[in-house]
Amino acid sequence: MDAIKAENLSKVFRVKQKEKGMGGSLKAIFHPRTVPVQAVDGISFTVKEGEILAFIGPNGAGKSTTIKMLTGILYPDGGNVEVLGINPAKKRKQLAYQIGTVFGQKEQLWTHLTPYDNFRFFGAIFDLPDAEAEARIRELSDTFELGAFINTPVRSLSLGQRIRCEIVASLIHKPKVLFLDEPTIGLDPVVKENIRMLIKQMNKEFHTTVFLTSHDIGDIEKLCKRIVIVNSGQIVLDDSMEHLKYHYLNKKIVEVKLQEEAALPRLSGITVLKEKGSRVKLEIDTTIIKINDALRQIDAEHVEDINISNIPLENIIMDIYKAEEAESAV
């Protein structure tokens, strides 16, 4: 069964356009000219119950607007949308009891209260009986390992601890769908990995459908089996993560700091992107040469520091978008 279903979903905003020149007439001031901006342009997709879907794209692609229409915050200008069989625009309150939301850059917890007090507060909002709320808090506290700081004011928690509490707060009422918008933003690598493990555990234990947006390839690669990429309000790719990995995540960026300048071998699959003194930035195409074989070409005795990372997600999206444009032009 589909937890989320969108058909030809669209949204247009009207944006003020500034008059040319330094001044402006009274008419321009009190009745400014506006132009339409197509934020979401007829997208269609479904999300199965229990699925973790990555919904990604560059800034301004229409991700946040889509989430707001799925949660009933914004009304669509065209198309149809259902979440758990409910029309968000018509029955937002009813839907609120069935979904949870976590926005990495926005707090929903009261910072002067402890996590426990916040959880009791959210339990009351969702009309949970005291006994049920207490049982739910104990269950989630054990799952997310909150015992050491559940009675510490939120303002005194680390960012990683706060994000864990944000997720727990959104799960108090046992939502069937959880919307996660950049849940690991600003977290260090160890905490990021912990959050990812907790999301996977939550999905497995509670069969929660997860709608994830993130700019972090690690989030997408480790959590999702399917990915939807949007750009300019349209879907440019709806495919499996396995397919995306094979075709687009086959390149790595290697940044090396050597003790002294050294001539690096020019081999097929290794591209020198930047070379300045003892610092070198390489692109490794793993379909041509294995990453281990490429690293063997670097004299390890003279390496002071090395960093290996994925191609930035924005670059991957643009490559996919350009490929789509090229196909449609043929």
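With a cut-off of 13 Å on the backbone N, the residues of segment 132-176 near the modelled label site 7 Å out from Gln201 along Cα-Cβ are 139-148, 164-165, 168. Computed extension gain for Lys106 through Phe13, at 0.36 nm per residue and net of the alpha carbon distance, reaches 31.2 nm. Within the accessible area of the chain, what % is carbon and sulfur when the probe is 1.4 Å and the other protein chains stay in place? About 50 percent, which is the carbon plus sulfur part of the accessible surface.
So which aspartates and glutamates pass the test for Lys16, namely a Cα distance under 12 Å, with those fewer than 8 places away in the same chain ruled out? Leaving aside aspartates and glutamates fewer than 8 places away in the same chain, none come within reach of Lys16. Ordering of 214-221, 32-39 by packing is 214-221, 32-39, highest average first (other Cβ atoms within 10 Å, averaged per residue). Which of the three applies to segment 81-134, rounded, prolate or oblate, going by the alpha-carbon gyration tensor with a ≥ b ≥ c and a/c under 1.5 meaning rounded? Oblate.
Only beta bridges with both residues in the chain are counted; by DSSP, about 70 percent of them are antiparallel. The helix-based estimate of mean residue ellipticity at 222 nm for the chain, built from -39,500 (n - 2.57) per DSSP H run of four or more residues and divided by its residue count, is -10000 deg cm²/dmol to the nearest 500. Pairs to check: Lys11/Lys91; Lys48/Lys322; Lys192/Lys251; Lys91/Lys222; Lys63/Lys222. Give those whose C-alpha atoms are more than 25 Å from each other in this structure. Violating the 25 Å limit, Cα to Cα: Lys48/Lys322; Lys91/Lys222. The antiparallel fraction among DSSP beta bridges confined to segment 108-253 stands at about 55%. At full extension, Lys90 and Lys222 could sit 44.0 nm farther apart than now, given 0.36 nm per residue minus the alpha carbon distance.
Taking the chain as a Gaussian network of alpha-carbon nodes connected by springs under 10 Å, the highest mean-square fluctuation of the residues Ile125, Ile317, Ile195 belongs to Ile125.
The residues of the chain expose, per residue, 55 Å² of accessible area to a 1.4 Å probe. Please name which of Ser158, Asn194, Phe119 has its Cα lying farthest along the dipole of the chain towards the positive end, using unit charges on Cβ (Lys, Arg +1; Asp, Glu -1) and the Cα centre as origin. In the chain, that residue is Phe119. Assuming charge only on the beta carbon of Lys and Arg (+1) and of Asp and Glu (-1), the dipole of the chain about its Cα centre is about 1240 debye to the nearest 20. When the charge dipole of the chain is built from unit charges on Cβ atoms (+1 for Lys and Arg, -1 for Asp and Glu) and taken about the Cα centre, the candidate among Ala131, Pro175, Asn80 whose Cα reaches farthest toward its positive end is Asn80. Here the Gaussian network model covers the chain, with springs between Cα atoms less than 10 Å apart; of Asp142, Asp117, Asp41, Asp142 fluctuates the most. Between Tyr97 and Asp239, full extension at 0.36 nm per residue minus the direct alpha carbon distance yields a gain of 48.1 nm. Summary of packing: across the peptides 143-149, 270-276, the per-residue average of other C-beta atoms within 10 Å ranks them, highest first, as 143-149, 270-276. Farthest towards the positive end of the charge dipole of the chain, among the residues Ile229, Asn203, Ile99, is the Cα of Ile99, using unit charges on the Cβ of Lys, Arg, Asp and Glu. Between His31 and Val303, the distance separating the two model label sites (each 7 Å from Cα on the Cα→Cβ line) works out to 6.8 nm.
Magnitude of the charge dipole for segment 101-239, about its Cα centre and with charges confined to Cβ atoms of Lys, Arg (+1) and Asp, Glu (-1), is about 80 debye. Taking a Cβ cut-off of under 12 Å around Tyr75, the surrounding Lys, Arg, Asp and Glu residues balance to a net charge of +3, with basic ones at +1 and acidic ones at -1.
The values are calculated or read from the model by the stated rules, or taken from the named source; none is laboratory data. For clarity, every value in this text was computed on a predicted model and none was experimentally measured. Backbone-built Cβ (ideal geometry, glycine too); neighbour counts: all protein chains shown. Ligands, DNA and RNA are stripped out before the accessible areas are found, and what is left, the full protein with its side chains, is counted by its heavy atoms. Shrake-Rupley method; radii C 1.70, N 1.55, O 1.52, S 1.80 Å.
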